[in-house]
Each structure stands twice: as structure tokens, then as C-alpha cells.
Amino acid sequence: MVKISKKYTPKESEKYMCEKHKLYFKNKLTEWKKDLVRTNNEALYNSSLDDNSTSADIVDQASSYTEKNVEMRAINRQMKLISKIDAAMKKIQEGTYGFCEETAEPIGLKRLMARPIANLCIAAQEKHEKDEKVYADD
């Protein structure tokens, strides 16, 4: 069983996706997910408390509706992020984490440290974004 300190950061000199790297990213993803779940729970709890929808003032009702809509969209985005975190955790278990889904090349430590849910290497991501832009222009 591999152990790492809280201050540990993966090094390029270590074997890519060694047990230390996997544990580091598993811890990072777990903490991120905990934060998102806590934030979502707080947002849902708070939005259920202040309900202006029964207010007689139409402006208050509209304002409340708009705020709730924005909150729900933010929660929805966070839920999608949680599912991406879960997918990354599954990849760690399967031994495929850190490798590009299109090229099977290493994604790279710097990229993963910046975006632990990245599933494409930079070259594949750039190609994907370029293709998206081309289709968006049509």
C-alpha cells in the first residue's frame, strides 16, 4: 500500500501514473467532489428556505424566479462535473487514467494537475476544439 504526504506533488522524474500519481489524483478528485456536493447541498437548502414565489409583488416573484433559475443551472453544471469526476475515478481503478482517450498517449502531469478530469491530451483537445469551431461556423 502506497502512502503519500498531503504536500506531495507528482514529479516528472517518477514513472508516469505510478501508484503515487494515482493516489495523488484519487485524493484530489475525492476532495473536489466533496466540495461540490457540499456546495450543492448548501445551495439547495438555502434556495428552499427563501421562497419569494408567494410574494404579492410581481417584481419580487420574477426576481426570485430568475435567481432560482441561475442557481439551478449552476447546480446542474456541478452535477455534470461530479459525473466527470466519477468517470475519472473509475479510470484510476481501471488503470486508464492519465491517458488520452483518442491517442492513448499520456495526457501529462501538468495538464492533469490543472484539470484532473481531462480525458484528452493537448493535441487531441486542440483538434477537438478546432473541429467543434468548424462545425459551429456551418
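Some observations on this one:
- Read-out Kirkwood radius over Cα pairs in Å, derived from the coordinates shown; its label in (1) 19.7; (2) 15.0; (3) 17.9: (3)
- Simple spin-label estimate for residue 15 and residue 41 gives 3.9 nm between the two label positions (7 Å along the Cα-to-Cβ direction from each Cα).
- Estimated FRET transfer efficiency (residue 94, residue 3; beta-carbon r; R0 22 Å; 0.05): 0.50
- Flagged links, alpha-carbon separation over 29 Å, of 7/34; 11/34; 28/133; 20/80; 68/110: 28/133; 68/110
Rule-based calculations on the coordinates, nothing more; no lab input. Computed from a prediction, not measured in an experiment: that's the story for all the values here. Cβ: placed from backbone, ideal geometry, glycine included. Neighbour counts: every protein chain shown.
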